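A quick write-up on the structure given underneath.
The values are calculated or read from the model by the stated rules, or taken from the named source; none is laboratory data. From a predicted model like this one, the values you see are computed outputs, not experimental measurements. Cβ placement follows ideal geometry from the backbone for every residue including glycine, while neighbour counts extend to all protein chains displayed. For accessibility, only protein heavy atoms count, side chains too; no ligands or nucleic acids. Shrake-Rupley method; radii C 1.70, N 1.55, O 1.52, S 1.80 Å.
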Amino acid sequence: MIIYKTPAEIEIMRQAAQVVSRTLGLVAEHMRPGVTPLELDKMAEEYIRSQDAIPGFLGLYGCPSTLLISINEQVVHGLPTTRPIQEGDIVSVDCGAVYKGYYGDHAYTFAVGNVAPEVQKLLDVTRECLYLGIEQTVAGNRIEDIGYHIQQHAEKHGYGVVRDLVGHGLGKSLHEDPQVPNYGRRGKGKKIQEGLTIAIEPMINMGTDKVMQLEDNWTIVTADGQPSAHFEHNVAVVNGKPVILSTFDYIEEALAKQK
Ligand code: MG
Ligand code: MG
């Protein structure tokens, strides 16, 4: 059952999403060769708690961390380790926070130092996929219109669209109805209505769309070992149009300062 939100709830969800946005901005400030995922995780947890929020993933489904950090061929759900990040890595950082009872949940894939041009292209296209999906999140469209446009754009570049993991409704729970696949048929699925709040999160692989889970029972990796990218925003339907509740602005400000 889809739980449509009131304008007042959407305003709280914006604040929850913005806690995550600022946390990812802090992560961006420290994202460089030598930093360890576990250091980033501790920083993120402290920051979220300082904002009268609580980490959204920690403890949920037994998750041991505040951030999920997925490097190179890792797609999503990577657990933070002490293995330092290296020049040329791509690093997906997914973060959740609960503020006044509502979840924010979004993600960004960082290029650390100089990455190969074909890998940078994967990042650029995945991010474009995210915004193409958001554009479709208008009242009267159908849920699969989102995935259809994401899939078309990714496959045009020869990339694999992950099928086993999908976007989702968001609210007082991290995962609400509806599921929001990154693939689909035009005009299919539930009709998009006022007050819908969803996390759109294309997971796009350079090669095969097939994925596997590591023995830690968390980390999802590409079946062929090629890199994968992941970008996520939280979106509400307000006055029939998509409103992005999260922002990459804090990340981009931090990255611009490093240049
Ligand atoms: Mg997420
Ligand atoms: Mg999500």
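Please state the shape class of the chain: rounded when a/c is under 1.5, otherwise prolate if a/b exceeds b/c and oblate if not, all from the C-alpha gyration tensor. Write out the running numbers ahead of the final one.
On the way: a/c = 1.61, a/b = 1.16, b/c = 1.40.
It comes out oblate by the Cα gyration axes.
Per-residue ellipticity at 222 nm from helix content only, as computed over the chain with -39500 (n - 2.57) for each DSSP H run of at least four residues, stands at -10500 deg cm²/dmol. Per residue, the accessible area of the chain comes to 42 Å² when a 1.4 Å probe rolls over the protein heavy atoms.
Which entries in Lys5/Lys191; Lys121/Lys241; Lys42/Lys121 show an alpha-carbon gap greater than 22 Å? Don't jump to the answer; show the numbers that get you there.
Values: Lys5/Lys191 15 Å; Lys121/Lys241 29 Å; Lys42/Lys121 31 Å.
Check vs 22 Å cut-off fails for Lys121/Lys241; Lys42/Lys121.
For the stretch 7-258, the fraction of 1.4 Å probe accessible surface lying on carbon and sulfur atoms is 49 percent.
Trypsin sites (Lys or Arg not before Pro) within the stretch 52-133: which are DSSP loop residues with at most 14 other Cβ atoms inside 10 Å? If you can, show how the numbers build up before the last one.
Details: sites: Lys100, Lys121, Arg127; in loops: Lys100.
Within the stretch 52-133, the qualifying trypsin sites (Lys or Arg not before Pro) (loop, at most 14 other Cβ atoms within 10 Å) are Lys100.
Along the stretch 10-24 the Karplus relation, 6.51 cos²θ - 1.76 cosθ + 1.60 evaluated at θ = phi - 60°, assigns HN-Hα couplings of 5, 5, 5, 5, 4, 5, 4, 4, 5, 4, 5, 4, 5, 4, 5 Hz to successive residues, with x for each Gly and Pro.
For the chain, leaving out every one of the GluC sites (Glu not before Pro) that falls in a DSSP loop and has at most 12 other Cβ atoms within 10 Å, the longest unbroken run is 88-214.
Amide H to amide H, with H built 1.01 Å from N, Asp224 comes under 5 Å of Thr208, counting only residues 5 or more places away or on other chains. For the chain, with a Gaussian network of springs between Cα atoms less than 10 Å apart, report the residue from Ser246, Ser21, Ser173 with the top mean-square fluctuation. Sorting by GNM fluctuation, first place goes to Ser173. Name the most mobile residue of Leu79, Leu214, Leu38, meaning the one with the largest mean-square fluctuation, in a Gaussian network model of the chain with Cα contacts below 10 Å. Maximum fluctuation in the GNM of the chain, among the listed residues, is at Leu214. Here's how it looks for Gly96: its modeled amide H is under 5 Å from those of Gly56, Phe57, which are all 5 or more places away or on a different chain.
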